[in-house]
Amino acid sequence: MSSDATATEQALTRIPSGSPEYWRCVDFLIDEAEALDQNRLEDWLEMLHREIDYRAPIRVTRERARGLSFSKQGYHFFENHESLLTRIDRLSTDYAWAEDPPSRTKRFVSNFRVYSIVGSDDLTVRSNLLLYRERLDETHPQFLVGERDDDLREVDGELQLVRRLILLDHSILMTPNLGIFL
Amino acid sequence: MYQPQPDVLTFLDEFEGALNGGTIPIRTFNDSELHELELDRIFTRAWVFLGHESEIPARGDYVQRRIGRDPFVLVRGEDGEIRALFDTCRHRGAMVCRAERGNAALFRCPYHGWTYKNTGQLAGAPLLKDAYGSDLDKSKMGLHAAPHLESIHGFVFASLDPDAPSLDDYLGDARWHLDLIWGQYEPGWEVVGEPQRTVLAANWKAPADNFSGDDYHTVYLHRSTTETGIMENPAGDAALWDGYHVQLGNGHHFIRNMIPPEEPGPRFLGYPEEVQKGFSPTMQSEEQYEGLKHTVGFVGTVFPNFGFLCFPFKHDRSADFVTAMSIRVFEPRASGEMVAWTWSLCPKGVSEEFRQESYRTTMGTFSAAGTFEQDDSDPWMSITRSAGTTYARKVGMQVDYRMGMHGNASSRRVDDYPGPGVAYYSVLEEGGQRGFHRRWLQFMRSEDYPPKMTPEEQNAGAGVPGSNGGG
C-alpha cells in the first residue's frame, strides 16, 4: 500500500509492464503531463472525469513507527471537478499574477505500476512525479517530488482521471505557491 | 545582549522621521543587520503565537514550533500543563525532539541519551552515578522553557522575556476582539488537520504588513477572484471598502466588516444555522454578542507575526458561499526568507459535511494553494527583492503609507465603532500598517522591554483633516 492515508480499499492485481493496458495508462499520464507543461489547461480538463476526486494531503514528519504519515485531514489540494474548473477559469483572467507569466515546468513521470481493481473496470496507476518549476528570471529552481496514486476510467473509448492522490515528499513546500497542478 | 550597529541606530532614527511623514524606507523589508536585531529585540520579547490547544489535546501530545528562528516543543505534560520547551539538550545542545508532532512521555537526546520528561524535567542519563557521582542535580538540568506561556480561547502564546507583561496586557484592545470572535461560541473551536507550511523568498513583515489593514490591494491583486465570483461582492468594488479599521494598541489591528445595525441579520460571520445556534449571548458583553451577530468577516493581526482571517468564500463556484477561517504565522528565517504557516480553524461539534466544506474553502482560498494567496506571494517576494537592491539603499528609497493621513482619504476616524480601539470607517486608509511599523520601531529601539503603546500612540502621525503636521 502506498500510505496510510491513501490505501485503496479494493484488492489490486498488478498488470505486467509491457502489456497493452499498461502502455495505455502510461501514454495517458505522459500526455497529461505534456498538456500541463504546455499550459493547455482546457485540454487537461478534458482528461478529467466529472466525478474526479483530486487531493494532496499534507506530509508530516513523524517517527518511523508511525508509517509514511500523510495527514488524514489536512490537504494542500482537496478538489472536485467544479473547484478545478473554478481554478482554471481564475487562472485565465488577466489578474492571476502568480502564473502570468506562467511558470516553466517539466513533469517527469516514472516508476509506473499499473493495477486492475477487483470488482471494477477502473485501473489504478501509481507513478513517481518529479516536477521542475521556475519563474521569471529566478535562478533557484523549485522542485516538487512525490508519488501519485491515480484511478483511470474509460469513458466513450477514452481514459479519464477519476481519482488522484498526490503524495508529496515535502513537509514544508519548497515552492511559494501551488498555482500549478500536480 | 545583541548590540545594534551604529548604522542600524541611525537607520531607526531615519525610519521614525519617515514614518511620521507617511513613508518607510524599503530597506526594512530586507536587511540582515535589521533582521538580527529583530530576532533579538522582537522575537525574544513579544508574545508569539505557537499553536492551538486542540492540536495537543492529550497529555504527552506535542508539536514542533518556532519562536523567531528558535526551535521549541509545544507539549502538554503529564501534569496537564502546556509548556514551550527549548529543543536543545542541556548536555551538549543536540535536539531532543525530531518528529514534527506526536505523543511522548519522554524526549531522548540521541547523542548521549539524556532523557527528559514531557514536563521538561531531566529524567535520567546513562551511567549517571558512575559518570557524575552526585555532581549532577537532575532537578536543575531540565530543558529550558519559555518563561511565559498563556492561552486565550485555545490560542497558545509564549514570551521568552522574563520581564514581559501578562498576555492580557500585551494584547490591549485585541483581547476584546479575540473575545468577540472566539469567546462566544459555546462548544469552542478546533484546528482541522495539520498546519500547511511553505517557504517563501520574502521578509516576514511583508505579509504581517498586509494583514494589518491592506484592504487597498484586494480590488486589484485579487481581481481574479471577483471576476470568477469566488469572493462575495454583490454591490461592486465600492462595497469592498465598507468596513472598519481598528487600531488596538501595542501594534495590533483589526479589519471588521459589518452589516448596518438596523439590519437584524444575524450574520455571525456567515456561518450556517447549525453553527449560529452555538453562539451564546451571555459569554461576553451584550455589545460583543450584538457585534458578532452583525459581523460579516474580519482580518486581524497580533504583533508581531500572528494573523487571522475569516470571510465567506467559494471554493467551488457552483456551490454556496462557505465561511473560511485561516490562522496564520509568518515565521522569520532570514531577512529575505520566511515560512508561511496556515491552520484552518473550525467550530467544534459541527456536521462532518460543514467541517469539510469549511476546511476546503479555507485551504482553497488563503493557503499556498489558495486562489487568493497564490497571488499575494508574488508581491511579497518582489518587495523583498526590491528592498535588497543596492539602488534602493543608495537613494534611501521610501515606500508610501500616506493613505488616510490628515484626512486625505474618504475614510474618517469615527467614534461610533461598536468596540474599543481607534477606529476608521471605511477601510480605504493605511493607518493600521503605519501602526504595525510604529510598534516595530518601538521594539527595535528599546533596550528594555518596550512600554505599552496605546491605540492613540499607535495612530500617532495620522493627523486630523486639514492639518499638515504630524501628531
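The values are calculated or read from the model by the stated rules, or taken from the named source; none is laboratory data. Nothing here was measured: the structure is a model prediction, and the numbers come from that model. No Cβ is skipped: glycine too gets one built from the backbone with ideal geometry, and neighbour counts run over all protein chains shown. Calculation scope for accessible area: heavy atoms of the full protein, side chains included, ligands and nucleic acids excluded. Shrake-Rupley method; radii C 1.70, N 1.55, O 1.52, S 1.80 Å.
I'd like the carbon and sulfur percentage of the solvent accessible area for chain A, probe radius 1.4 Å, heavy atoms only, ligands and nucleic acids excluded.
About 49 percent, which is the carbon plus sulfur part of the accessible surface.
Principal axis extents for the stretch B:104-219, Cα atoms only, whole Å, descending order, please.
Principal axes ranked by extent give 69, 36, 32 Å for the Cα atoms.
Rounded to whole Å, give me the distance from the Cα center of the stretch B:267-306 to that of the stretch B:107-125.
Rounded to whole Å, the Cα centres lie 43 Å apart.
In vacuo Debye scattering of the protein assembly as shown, one point per C-alpha: log10 I(q)/I(0) at q = 0.09 Å⁻¹?
The computed values of log10 I(q)/I(0) come out as -0.80.
Using 7 Å Cα-to-Cβ label points, what is the A:Glu34/B:Lys129 separation (nm, one decimal)?
With each label placed 7 Å out from Cα toward Cβ, I get 7.5 nm.
How many percent of the alpha carbon pairs in the stretch B:162-305 exceed a separation of 26 Å? Please report the intermediate quantities before stating the final value.
On the way: 3658 of 10296 pairs.
For the stretch B:162-305, the fraction of Cα-Cα distances above 26 Å is 36 percent.
Run the numbers for A:Asp100 and A:Ser17: contour at 0.36 nm per residue of separation, minus the present Cα-Cα distance, in nm.
On the way: separation 83, 0.36 × 83 = 29.88 nm, distance 3.94 nm.
Value of the extension gain: 25.9 nm.
In square nanometres, what is the average projected area of the Cα convex hull of the stretch B:258-308? Mind showing how you got there, number by number?
Values: hull surface 17.0 nm².
Averaged projected hull area, Cα only: 4.3 nm².
Hey, how much of the P(r) for chain B falls beyond 35 Å, as a percent of Cα pairs? Intermediate results must be reported in sequence, preceding the final value.
Values: 35719 of 110685 pairs.
Every Cα pair in chain B considered, those over 35 Å come to 32 percent.
Can you list the residues in the stretch A:57-92 whose accessible area drops by at least 40 Å² when all protein chains are present, compared with the chain alone? Use a 1.4 Å probe, heavy atoms only.
The answer is A:Ile58, A:Val60, A:Thr61, A:Arg62, A:Glu63, A:Gln73, A:His76, A:Phe78, A:Glu82, A:Thr86, A:Arg87, A:Arg90 - residues whose exposure falls by at least 40 Å² when every protein chain is included.
What's the buried accessible area, both sides, between A and B using a 1.4 Å probe, rounded to 100 Å²? Mind showing how you got there, number by number?
On the way: alone 10100 and 19390 Å², together 25930 Å².
Protein heavy atoms only, the A-B interface buries about 3600 Å².
How many lysine pairs in the protein assembly as shown, separated by 8 or more positions in sequence or lying on different chains, have Cα atoms less than 17 Å apart? Show your work: numbers first, answer last.
Values: B:Lys117/B:Lys138; B:Lys117/B:Lys140; B:Lys129/B:Lys138; B:Lys129/B:Lys140; B:Lys277/B:Lys293; B:Lys277/B:Lys348.
Going through the protein assembly as shown pair by pair, I get 6.
On average, how much accessible surface per residue is there in chain B, in Å², for a 1.4 Å probe, leaving out ligands, DNA and RNA?
On the way: 17640 Å² over 471 residues.
Counting only protein heavy atoms, the per-residue value for chain B is 37 Å².
What residues in the stretch A:139-182 lose 30 Å² or more of accessible surface when the other protein chains are added to their chain alone (1.4 Å probe)?
Buried on complex formation: A:Ser171, A:Ile172, A:Leu173, A:Pro176, A:Asn177, A:Leu178.
P(r) of the stretch B:29-174 in 5 Å steps, Cα pairs, percent per bin?
Histogram of Cα-Cα distances, whole percents per bin: 2, 10, 18, 20, 18, 14, 10, 6, 3, 1, 0, 0.
Would you please state the base-10 log of I(q)/I(0) at q = 0.13 1/Å for the stretch A:10-168, with intensities from the Debye formula using one equal scatterer on every alpha carbon?
The calculated log intensity ratios at q = 0.13 Å⁻¹ are -0.69.
List the residues of the stretch B:163-205 that lose 20 Å² or more of accessible area once all protein chains are present, compared with their chain alone (1.4 Å probe, heavy atoms only, no ligands or nucleic acids).
When all protein chains are present, B:Gly193, B:Glu194, B:Gln196, B:Arg197, B:Thr198, B:Val199 each give up 20 Å² or more of accessible surface.
How about the protein assembly as shown: what cysteines have no other cysteine beta carbon under 4.7 Å from their own?
Those would be A:Cys25, B:Cys97, B:Cys310, B:Cys346, since no other cysteine Cβ in the protein assembly as shown comes under 4.7 Å of theirs.
How big is the gap, in Å, between the Cα center of the stretch B:145-196 and the Cα center of the stretch B:1-60?
Using only Cα atoms, the two centres lie 20 Å from each other.
With +1 on each Lys and Arg Cβ and -1 on each Asp and Glu Cβ, and nothing else charged, work out how big the dipole of the stretch A:10-168 is about its Cα centre, in Debye to the nearest 20. Each step should come with its number before you reach the end.
Numbers: 23 positive and 30 negative charges, 226 e Å.
The dipole of the stretch A:10-168 has a size of about 1080 debye.
Under a crude label model (7 Å from the Cα following the beta-carbon direction), how far is A:Arg64 from A:Glu158 in nanometres?
4.8
Which value, in Å², gives the accessible area per residue of the stretch A:10-168 when a 1.4 Å probe is used on the protein heavy atoms? Please list the in-between numbers first.
On the way: 7440 Å² over 159 residues.
Accessible area per residue: 47 Å².
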